[in-house]
Every structure is written in structure tokens, then in C-alpha cells.
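> One structure, pasted below without further comment.
The values are calculated or read from the model by the stated rules, or taken from the named source; none is laboratory data. Nothing here was measured: the structure is a model prediction, and the numbers come from that model. Positions of Cβ are generated from backbone atoms using ideal geometry, with glycine treated the same way; all protein chains shown enter the neighbour counts.
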Amino acid sequence: MLTRAQYYKKVGEDVVCLLCPHKCRIGKGHRGICGARENIGGELYSLSDGYVTALAYDSIKKKPLSFFGEGEILSMGSFGCNFHCDFCQNYRLLDSDVDKKKIDDSEILELAKPSMGLAYTYNEPTVNFEMVKRLAGKIKDQGQLNVMVTNGYIDASPREELLGLIDAWSIDYKMPAELYPSVCGGREEVVLETIARAWERTHVEVTILLIPGRNTQEEVLRGMLEKLSAIDRNIPLHLSRYFPCYKSNIPTTALETMYRSYELALDYMDRVVLGNMPMRF
């Protein structure tokens, strides 16, 4: 049985999804940009609720959350995303054609018990809002933690609901303002607003994936860092090394660029971590 979406309005036989800033107007039998919500008979339904594409125990550090304790957490992914990044590492999870498993909440809750709790990750979890909200409440009832790994592209009302349930947010800050619409399909100011609102309420760590020619130029990165530090320079920042993936054949980020960006970031942020780097012995 499909779950009716919580955030939408009817416009004739169409529906307008109110979950994220895209505000998709969806005709009967069609889906929104995320691929996870469909107009069925003039009502909007979540197609992803109750389905998982991946379940695994991960170190909390891999989210990445370097300043949120120690231990493993059960990581869960479904399908769908409201961005269209050409460098996506989890592009196979973009729509419902992916291999998926129907699963009951009780099974997920039982699997989470030996760990810190449940991380909503792999695909963009905010497009699976109803499932995430329901499970997060149950995880809290078990005395465990909820972690959101997200692009931060969500509207204010559903975001406020999740802020009352999620204990830590790992938020991607992907691009400068001028590239967000073309590269990701969103707007920078929405992501920054999510970072700010989450930081007011709970633990937040931000990741910038450094992609040559897009956000590695000093003036571009400096502009992004200025906006992040204006929220709070104490927000932990992860600078992650890019590798070619999906539709992007931009060369791998040079180590020299990573180290230079790290030094620059320290002018703006107090806690900076390099990621996707070779191990040092």
C-alpha cells in the first residue's frame, strides 16, 4: 500500500509538491523531479516508502561526522533525488528502476539496535520524507540517534519537522551560487538556510567536494567559505577529494589543490578535515 505524501496541494487534476523548493507541478500518472513521488488519481504518493536499496553498518566517521562521537551506525538508503549532479557517486539510486527490497519498519529498528542508531543516506533522504520521519520517531523511542546525510534542499516546514527528530546533519555544500542551478539543479541560498537552521538546533558538519574548475579556484572557494563562516566558523568542514564518476570526466582533484584549499579554509573555519585522501604512514 502506497503512502500518501504529506506536503502537496491540488491544482485541478494536477498536484504541486511542497516538499522541496522545486515545487513540481505533477500531472496524473507523472512523477516529480526526484522520481520518488507520483500523482496517482489526483493525489501525491511516496513511491519509496517501505523500500530500501542499501543497508549497512558504517563508522559514524564515514558520514562524514568527525565530531559526533565514536561507533557504528546502521545506514539506510532508498531511491530518488531532487538534484541532478553529473558527478553523483550514487547515481544508480536515482529512480525506482533500481533493485530494491520491501522492508518493514520493525526489521530496520531491530537491525539498528546494536549500533548508535540510523543514518538516512546513499540517496537523497529528504525525498523519502514520510519514511524518514516515521522511522526517526521510532528510533528516538528506542533511545537511539538519527543522522541525516543530505544535500539540504528541502522546504522550511518539512525541514522544521525533521529538525525535531534528527540528532546530526551531514550537509553537502556543493557549488558557488552561479553553478548550483546548472550543475545540481538547485539554489545555494536554500542549502545555506538549511545549514543555518540545523546549526541552531543540533549538530551539523558540512562537506564541500572539491571539483577542479568548479569550486577549487581561490576566489570561488573563498566566496563559499565566507558564506559558511558567516553562519558560524565553528561548524566542522570536510573538504573531500573528487574522483571522476557518473557523467563527469573532470580529472581527479590534485593533492596540491587539496592541501592549498585546506590552508585557505583555515582562514575561515576553525575545524577543517580533509577527506578521500591517501593514507599517511
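> Within the stretch 3-15, which residues are among the aliphatic types (A, V, I, L, M), surrounded by 13 or more Cβ atoms within 10 Å (Cβ to Cβ) and either more than 22 Å from the chain's Cα centre (by Cα) or on the phi > 0 side of the Ramachandran plot (or both)? Write out each step before concluding.
The initial filter retains those residues of the stretch 3-15 that are among the aliphatic types (A, V, I, L, M), namely 5, 11, 15.
Of the ones still in play, those that are also surrounded by 13 or more Cβ atoms within 10 Å (Cβ to Cβ) are 5, 15.
Passing the criteria: only Val15.
> Just one of Leu18, Leu74 is over 26 Å from Cys184 (Cα atoms), surrounded by 15 or more Cβ atoms within 10 Å (Cβ to Cβ) and at pLDDT 95 or above; which is it? Give the derivation first.
Values: Leu18 fails: over 26 Å from Cys184 (Cα atoms).
Of the residues listed, the single one that is over 26 Å from Cys184 (Cα atoms), surrounded by 15 or more Cβ atoms within 10 Å (Cβ to Cβ) and at pLDDT 95 or above is Leu74.
> So which of Arg241, Arg201 is out of contact with any Phe, Trp or Tyr (no Cβ under 8 Å at 6 or more places or on another chain), crowded, with 18+ Cβ neighbours inside 10 Å and at negative phi? Reasoning before the result, please.
Details: Arg201 fails: crowded, with 18+ Cβ neighbours inside 10 Å.
Going through Arg241, Arg201 in turn, just one is out of contact with any Phe, Trp or Tyr (no Cβ under 8 Å at 6 or more places or on another chain), crowded, with 18+ Cβ neighbours inside 10 Å and at negative phi: Arg241.
> Going residue by residue through the stretch 116-125, is there one that turns out to be under 19 Å from the mean Cα position of the chain (by Cα) and either in a helix (DSSP H, G or I) or in the same structural domain as Gly35 (by TED's automatic domain parsing) (or both)? Show your work before the answer.
Step one: filter the stretch 116-125 for residues under 19 Å from the mean Cα position of the chain (by Cα), giving 117-125.
Now narrow it down to the ones that are either in a helix (DSSP H, G or I) or in the same structural domain as Gly35 (by TED's automatic domain parsing) (or both): 125.
Scanning the stretch 116-125 turns up at least one residue that is under 19 Å from the mean Cα position of the chain (by Cα) and either in a helix (DSSP H, G or I) or in the same structural domain as Gly35 (by TED's automatic domain parsing) (or both).
> Across the stretch 248-277, which residue is surrounded by the fewest Cβ atoms within 10 Å (Cβ to Cβ) among those that are part of a loop (DSSP other than H, G, I, E, B) and in contact with a helix residue (DSSP H, G or I) (Cβ under 8 Å, 6 or more places away or on another chain)?
Going residue by residue through the stretch 248-277, those that are part of a loop (DSSP other than H, G, I, E, B) are 249-254, 266-271, 276-277.
So of that shortlist, the ones also in contact with a helix residue (DSSP H, G or I) (Cβ under 8 Å, 6 or more places away or on another chain) come out as 267-269, 277.
Working: Asp267: 12, Tyr268: 18, Met269: 20, Met277: 15.
Ranking the candidates gives Asp267 first.
> Let me spell it out: the conditions are (1) surrounded by fewer than 15 Cβ atoms within 10 Å (Cβ to Cβ); (2) hydroxyl-bearing (Ser, Thr, Tyr); (3) part of a strand (DSSP E or B), and Ser106 meets all of them except one. Which number is the exception?
Of (1) surrounded by fewer than 15 Cβ atoms within 10 Å (Cβ to Cβ); (2) hydroxyl-bearing (Ser, Thr, Tyr); (3) part of a strand (DSSP E or B), only one is false for Ser106: (3).
> Considering the stretch 126-155 alone, what residues qualify as being assigned to a loop (DSSP other than H, G, I, E, B) and crowded, with 23+ Cβ neighbours inside 10 Å?
Filtering the stretch 126-155 down to residues assigned to a loop (DSSP other than H, G, I, E, B) leaves 142-144, 151-155.
Within the stretch 126-155, Asn151, Gly152, Tyr153, Ile154 meet the criteria.
> Condition first: touching a Lys or Arg at 6+ places or on another chain (Cβ under 9 Å) and assigned by TED's automatic domain parsing to the domain that holds Asn146. Can you find one or more residues in the stretch 57-67 that meet it?
Of the residues in the stretch 57-67, the ones touching a Lys or Arg at 6+ places or on another chain (Cβ under 9 Å) are 66-67.
Those still in the list that are assigned by TED's automatic domain parsing to the domain that holds Asn146 too: 66-67.
Yes; the residues of the stretch 57-67 include at least one that is touching a Lys or Arg at 6+ places or on another chain (Cβ under 9 Å) and assigned by TED's automatic domain parsing to the domain that holds Asn146.
> Here's another thing I want to ask about it. When you scan the stretch 239-249, do you find a residue that is assigned by TED's automatic domain parsing to the domain that holds His84, under 17 Å from Pro64 (Cα atoms), modelled with pLDDT of 95 or more and in contact with a Pro (Cβ under 8 Å, 6 or more places away or on another chain), even just one?
Yes - at least one qualifying residue is present in the stretch 239-249.
> Output yes when any residue across the stretch 229-238 is over 24 Å from His22 (Cβ atoms), assigned to a helix (DSSP H, G or I), assigned by TED's automatic domain parsing to the domain that holds Pro158 and free of Cβ contacts under 8 Å to residues at least 60 places away in the same chain, and no when none is. Break it down into steps so the answer makes sense when it comes.
To start, the set of residues in the stretch 229-238 that are over 24 Å from His22 (Cβ atoms) comprises 229-230, 232-238.
From what's left, assigned to a helix (DSSP H, G or I): 229-230.
Narrowing the set further to residues that are assigned by TED's automatic domain parsing to the domain that holds Pro158 leaves 229-230.
From what's left, free of Cβ contacts under 8 Å to residues at least 60 places away in the same chain: 229-230.
For the stretch 229-238, residues over 24 Å from His22 (Cβ atoms), assigned to a helix (DSSP H, G or I), assigned by TED's automatic domain parsing to the domain that holds Pro158 and free of Cβ contacts under 8 Å to residues at least 60 places away in the same chain: present.
> When both residues are 6+ apart or on different chains and their Cβ atoms are under 6 Å apart, which pairs have a first residue that lies in the stretch 96-120 and is over 19 Å from Cys81 (Cβ atoms), and a second that is surrounded by fewer than 18 Cβ atoms within 10 Å (Cβ to Cβ) and acidic (Asp, Glu)?
What qualifies is Ser115/Glu72.
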